Amino acid sequence: MKTLKYAAATTMLAMALPASAQQLSIATGGTGGVYYPIGGGLAEMINNHIEGAQATAEVTGASVENMGLIMRGDADMATALADTVYQAYTGTGDFEGRQVENTRALASIYPNAVQLVVLAESDIQGIDDLAGKRVSVGAPGSGTELNARAVLESNGISYDDFTAQRLNFNETADAIRDGDIDAGFWSVGPPTSSIMNLAATRDIRLISLTDEEIANAQEEEAVFAPYQLEAGLYDGMDEAVQTIGIPNVLVVNADMDEELAYQLTQLLFEHTDELIAVHPAANDTTVEFTMESTPVPLHPGAIRYFEETGVEIPDRLRP
């Protein structure tokens, strides 16, 4: 049974929306990551609680592709890594010459962790050992590839040093299991189903980054932060692993109707328990995380919700 808080929220959300906002597309990622179940959960929440709105989660190539979809108006909402969102908004990095100035955020929803996975018997003990190996750096157009490249290049390792494969999460897990590649990168909210499935069939290890490697990566990308993967996260993972975390941002086009953006933000933060039931990564979906981690301005509708709930909004998050 819903609490009075959630019952009240549902009543407030049940209002007519503009006709143009009735069919909503949520750009997510591949089915083996976290974006897709989170996006599916959000779509179900919209369908259940916002009268007149029907949302669908779409499988995509993830962060980089998603920002293009937002720019062109081909998606109403999208999940994307904070560094990708920032590069798109400022026209830097992979988005040089194609700035997505119309990017606005509703929230930061959870942190990704860069996870480098090998089979347990592999001779790879650190990122320096990737030289000469076959390595999946993530799907084309994904935040995983941006993150992997930043971590590697900031530590003096280029794609010329190994054979790069651009595979999605499920393909990476299958290729590691079958011995077709030696290592694979994931940048995703832990735990992720594709690594869990791999660990259920083969003994795996996750590679730690050193303090120096993390510091070098932080100089390359300001949104990187030290992150620890806890022991027991995956089958056979007996020790904690030190890596890098990156916030994930729920973004929309600046042209989104303000009332709709308000209702979506309200839905996210007043029905967070429904999203946690879909995936535990949503435990980090808090107002505090949004205020600390969001790299681009908030949509005016989101700002209205936060102001009504008494949240102090940093100046950098105001358009």
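The values are calculated or read from the model by the stated rules, or taken from the named source; none is laboratory data. Nothing here was measured: the structure is a model prediction, and the numbers come from that model. So basically every Cβ, Gly included, is an ideal-geometry build from the backbone, and we count neighbours across all protein chains shown.
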TODO: Look through 82, 75, 62 and report the one residue that is at positive phi, surrounded by 21 or more Cβ atoms within 10 Å (Cβ to Cβ) and either of a type outside the set (D, E, K, R) or in the same structural domain as residue 296 (by TED's automatic domain parsing) (or both).
DONE: 62
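Yes or no, residue by residue, for (1) within 18 Å of residue 249 (Cβ to Cβ); (2) modelled with pLDDT under 95; (3) in contact with a Lys or Arg (Cβ under 8 Å, 6 or more places away or on another chain):
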position: 17; (1), (2), (3): no, yes, no
position: 28; (1), (2), (3): yes, no, no
position: 44; (1), (2), (3): no, no, no
position: 50; (1), (2), (3): no, no, no
position: 58; (1), (2), (3): yes, no, no
position: 64; (1), (2), (3): yes, yes, no
position: 71; (1), (2), (3): yes, yes, yes
position: 78; (1), (2), (3): yes, no, no
Task: Options 240, 277; residue that is surrounded by fewer than 21 Cβ atoms within 10 Å (Cβ to Cβ), free of Cβ contacts under 8 Å to residues at least 40 places away in the same chain and small (Gly, Ala, Ser) - done: 240
TODO: Inspect the stretch 273-284 for any residue being modelled with pLDDT of 95 or more, assigned to a loop (DSSP other than H, G, I, E, B) and not aromatic (Phe, Trp, Tyr) and give the result as yes or no.
DONE: no
TODO: Return the only residue of 294, 272, 290, 285 being in the same structural domain as residue 89 (by TED's automatic domain parsing) and without any contact (Cβ under 8 Å) to a residue 40 or more places away in the chain.
DONE: 272
- [ ] Identify all residues within the stretch 169-221 that are over 19 Å from the mean Cα position of the chain (by Cα), buried (at least 17 other Cβ atoms within 10 Å of the Cβ) and hydrophobic (A, V, I, L, M, F, W, C); write none if there are none.
- [x] 175, 176, 181, 183, 198, 199, 204, 206, 207, 209, 214
Task: Failed item in (1) touching a Leu at 6+ places or on another chain (Cβ under 9 Å); (2) at pLDDT 95 or above; (3) under 24 Å from residue 225 (Cβ atoms); (4) of a type outside the set (A, V, I, L, M), with residue 156 passing the rest - done: (1)
Open item on the list: For the stretch 297-308, give me each residue that is assigned to a loop (DSSP other than H, G, I, E, B) and either touching a Cys at 6+ places or on another chain (Cβ under 8 Å) or free of Cβ contacts under 8 Å to residues at least 40 places away in the same chain (or both).
Closed with: none
